[in-house]
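Take this structure, written in structure tokens, and hold onto it; I'll ask about it next.
Quick note: the coordinates plus some simple rules give every number you see, no bench work behind them. Fair warning: this is a prediction, and the values are worked out from it, not measured in the lab. As a convention, Cβ positions derive from the backbone with ideal geometry for all residues, glycine included, and neighbour counts pool all protein chains shown.
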Amino acid sequence: MTDSPITTEIHDGILVITSNNPPVNALGAAVRIGLDAGIKEAMSNDAVKAVVIRCDGRTFFAGADITEFTKPPVMPMLPEVVDTIEACTKPVIAAIHGTALGGGCEVTLGCHYRIAVPSAKIGTPEVKLGLLPGAGGTQRLPRTAGIETAVEMCAGGAPISAAKALEVGLIDKLAGEDTLLADALAFAQECIAKGPRPTRNLPVKGDPASIEAYAKANARKNRGFDAPAANIACVEAATRLPFDEGIAFERTEFTKLMFGTQSAAQRHIFFAERQAQKIDGIGPDVQPREIKRVGVIGAGTMGGGISMNFLSAGIPVTIVEMKQEALDKGTGIIRKNYEATAAKGRMKPEQVEAAMTALKPTLALEDLADCDLIIEAVFEQMEIKKDIFGKLDKIAKPGAILASNTSYLDIDEIAASTSRPQDVLGMHFFSPANVMKLLEVVRGAKTAPDALMTAMGLAKKIGKVAVVAGVCHGFIGNRMLMPRQVEANKLLMEGATPQQIDKVHVDFGMPMGPFQMADLAGVDIGWHRDPTRIENVRDALAAVGRWGQKTGKGYYDYDEKRNPTPSAETQKIIDEFAAKSNLPKREISDEEIVERTLYPMVNEGYLILEEGKAQRASDIDVVWIYGYGWPIYRGGPMFWGDLEGAKKIVAGLEKHGFAVAKTLKAKA
Ligand code: 3HC
């Protein structure tokens, strides 16, 4: 097997089975075949007294090969390989570094003993792919890590550290960070006398009551998802069924999930997110620019949040405001946010101080002269932005990237106010900017490839999921929001209520509907501020101070805990406008709300692609998942559109008189 990613070597009676399958040692067919052969070799060679399974490269097996899930199966499958390892009559030791995830974790559970470097992480993230550990993980984890940790790992999906794994009994020993193989070999020698320790023979540890407690505590977070409940059910099964029956239960649940649409959607997003980082038409010859210091203009909510991203990643920031009071307020909020994180134990006090020391507040735009990237985050008005970019053109050093955090405006027009449009691009952060994962990087007509590449690379460094968008009103995300809002408003005129429309969206899986979103963002956003000029429901609400949650009333009324209730005053305003519209008031079905608010979004997505404003359909899905809370188990609007079927969508759109994008129509 010369091409096998698996090699074996005997060291002093220990057979070392090594996988070398870059980038993440996924357990594809060739790896499984090699592992199976390695164990058989150990069994048939009397000179072998124990086995060490290890990986070359950056990580231990990071899981099953997800790309194989849609292909015909190749034997042996992973559950069989894990069983083969477990059934070995000589002790098998997993030597773990990097991330032992999913099937990788399950391979370690098939091994009889586990040793890991301190930086290693072990986890079962299958739930994030709409799945569960399907190679015995749900049955073996309660026997090694205990029920409580098992349910958290399986249903939550977050990996645990090597230290925690040692504490709960998931690993037996910590190795030196740089001496894993030597330490594993020494440990294997110790294990020879102990003999094999098949996990299936161990008793389940811990309190079964922790399962229900976990399920209750996470019910809200898991709303709409199938996989967490299936993971919980499997761990629960381990507490009451013999091992083999538990495995059979796990298999049935795994198969259900694997062939369901939720897992298909979540796997689609896994790859979509990674694909989004790739920029079409930029070759390996292009190199990113170096970013040592970032400048942020504006210390308001956006500017402050944007700054925190860089400070948290160890990149110094110069933040500029026009007035001392605003500057102090902005930096004060940054400190408060960091201190709140530290109070929750997610940051050390010295990290707070390090971040604050790396922040340089100033009132002088000239202080941005040493910045490699400058992000403008001021009021959303073209004239103001052009003025700032004109000034930056004179201040910024050559090669500095000049970015606008605009959410709608024309980057090319902004770029034209400088003598260096090749260095100008959009970096559209989503509020709260230090929390939301999405970043739209807007490529202007003249943006240089290396500037774009730098912004995309930097996004990854600060933990964002970045998507390249073209210049158009609202870019990808907000542009698709517009047809939804227009239709939602029309539906109000025809007899639907805000709560009915919002409920359809929440039932679909969105965190909130269009009117709840308006109340959260502020009904007065973009309002002309003239209470006598009332042209629509929104103007009327704004004129009477119904600005949303911040004033305790908007489309809804709010109590002091911000719980919404339908508002009689809002309904009266809606009714008055509806009467003027001369449209007959009628019962609106939930189906019509879907057809008129969600189908137009899919349609807009196709238009965006036709105009080349997004690189690929999956990028649009990434925008909506990470920027607007589209339920990940529905895979984003474009993936969902395919599931609904182009025929149905086109019929729905045409029924309601929409102009259908030609590429969508062609698919129907
Ligand atoms: N299968 C196939 N490809 C995978 C993969 C997997 N399990 N994990 C990662 N890759 C690919 C990525 O798509 C990416 O490909 P690309 O370069 O062509 O875009 C490449 O490997 C590198 O991945 P990342 O960019 O994500 O690298 P990072 O260093 O940022 O992260 C990682 C590494 C933490 C291992 C991350 O890749 C990850 O979380 N992977 C998925 C882990 C996972 O979900 N495992 C469970 C799989 S399901 C399973 O095991 C079922 C079993 O129970 C039966």
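For the stretch 334-446, what is the percent of antiparallel DSSP beta bridges, rounded to the nearest 5? Spell out each step's value before the answer.
Working: 4 of 11 bridges.
Around 35 percent of the beta bridges assigned by DSSP in the stretch 334-446 are antiparallel ones.
Hand me the chymotrypsin sites (Phe, Trp or Tyr not before Pro) from the stretch 40-102 located in a DSSP loop with no more than 16 other Cβ atoms within 10 Å, in residue order please. Show your work: numbers first, answer last.
Details: sites: PHE60, PHE61, PHE69; in loops: PHE60, PHE61, PHE69.
When the chymotrypsin sites (Phe, Trp or Tyr not before Pro) of the stretch 40-102 are filtered for loop state and at most 16 Cβ neighbours within 10 Å, PHE69 remain.
Using the per-residue mean of other Cβ atoms lying within 10 Å as a proxy for protection, in what order, highest first, do the peptides 244-254, 334-344, 283-293 fall? Can you show the working numbers first?
Values: 244-254: 18.4, 334-344: 15.4, 283-293: 11.9.
Put in order of decreasing packing, that is 244-254, 334-344, 283-293.
Would you grab the residues whose amide H sits under 5 Å from the one on ILE160? Only those 5+ places off in sequence or on another chain, please, with H modelled 1.01 Å from N.
Amide H neighbours of ILE160: ILE122, GLY123.
Something else now. Among all the aspartates and glutamates, which ones have a C-alpha under 14 Å from LYS164's C-alpha, if same-chain residues fewer than 8 places away are not counted?
Answer for LYS164, where 14 Å is the Cα cut-off: GLU148, GLU152, ASP172, listed by chain and number.
Now a separate question. I need the calculated FRET efficiency for the pair MET322 and ARG562, taking r as the beta carbon distance and R₀ as 35 Å, to the nearest 0.05. Don't skip to the end; give the middle numbers.
Numbers: r = 32 Å, r/R0 = 0.91.
Using R0 = 35 Å, I get an efficiency of 0.65.
If you plug each phi of the stretch 297-304 into the Karplus form 6.51 cos²θ - 1.76 cosθ + 1.60 with θ = phi - 60°, what whole-Hz ³J(HN,Hα) values come out, in order, with x for Gly and Pro?
9, x, 10, x, 4, 5, x, x
Continuing with this model, one more query. Of all DSSP beta bridges located in the stretch 6-259, what percent are antiparallel, nearest 5?
Working: 8 of 27 bridges.
Antiparallel bridges: around 30 percent, rounded to the nearest 5.
Additional query: Report, ordered by chain and residue number, the aspartates and glutamates lying within cross-link reach of LYS40, taken as a straight Cα distance under 16 Å and ignoring same-chain residues fewer than 8 apart.
Of all the aspartates and glutamates, those that pass the test against LYS40 - Cα under 16 Å, at least 8 places apart if same chain - are GLU9, GLU80, ASP83, GLU86.
Related question: If amide hydrogens are placed 1.01 Å from N in the peptide plane, which non-local residues have theirs closer than 5 Å to the one on MET427?
SER404, ASN405, THR406, VAL442
Once both labels are modelled 7 Å past Cα along the beta-carbon direction, what's the TYR408-LYS572 spacing in nm?
3.0 nm
Suppose R0 equals 45 Å; then what is the FRET efficiency for MET382 and LYS164 from their Cβ-Cβ distance, rounded to the nearest 0.05? It would help to have the intermediate numbers written out before the result.
Numbers: r = 52 Å, r/R0 = 1.15.
E(calc), rounded to 0.05, equals 0.30.
While we're here: Please report, in debye to the nearest 20, how large the charge dipole of the chain is about its Cα centre when each Lys and Arg carries +1 at its beta carbon and each Asp and Glu carries -1 there.
Working: 77 positive and 83 negative charges, 80 e Å.
Dipole magnitude for the chain comes out near 380 debye.
Additional query: Which ³J(HN,Hα) values, rounded to whole Hz and listed in residue order, are derived for the stretch 383-397 from phi using the Karplus coefficients 6.51, -1.76 and 1.60 in 6.51 cos²θ - 1.76 cosθ + 1.60 with θ = phi - 60°, glycine and proline given as x?
Result, rounded to whole Hz: 5, 5, 5, 4, 4, 5, 5, x, 5, 4, 4, 8, 9, 5, 6.
Note down the nm distance, to one decimal, between modelled labels 7 Å out along Cα→Cβ at LYS329 and at GLU610.
Inter-label distance under the simple model: 4.5 nm.
Just for the chain, what percent of DSSP beta bridges are antiparallel, to the closest 5? Can you show the working numbers first?
Details: 18 of 62 bridges.
Among the beta bridges of the chain, antiparallel pairing accounts for roughly 30 percent.
What's the FRET efficiency of GLU68 with GLU41 using the Cβ-Cβ distance as r and R₀ = 25 Å, to the nearest 0.05?
On the way: r = 24 Å, r/R0 = 0.98.
Once rounded, the FRET efficiency stands at 0.55.
Also, quick follow-up: Arrange the peptides 10-16, 601-607 so that the one whose residues have, on average, the most other Cβ atoms within 10 Å appears first. Please report the intermediate quantities before stating the final value.
Working: 10-16: 17.4, 601-607: 23.3.
Going from most to least packed, we get 601-607, 10-16.
Something else: Could you derive backbone 3J(HN,Hα) for the stretch 18-26 from the dihedral phi with the Karplus parameters 6.51, -1.76 and 1.60 (θ = phi - 60°), listing whole Hz in sequence and x where the residue is Gly or Pro?
Whole-Hz 3J(HN,Hα) from phi for the stretch 18-26: 10, 9, 9, 10, x, x, 10, 6, 4.
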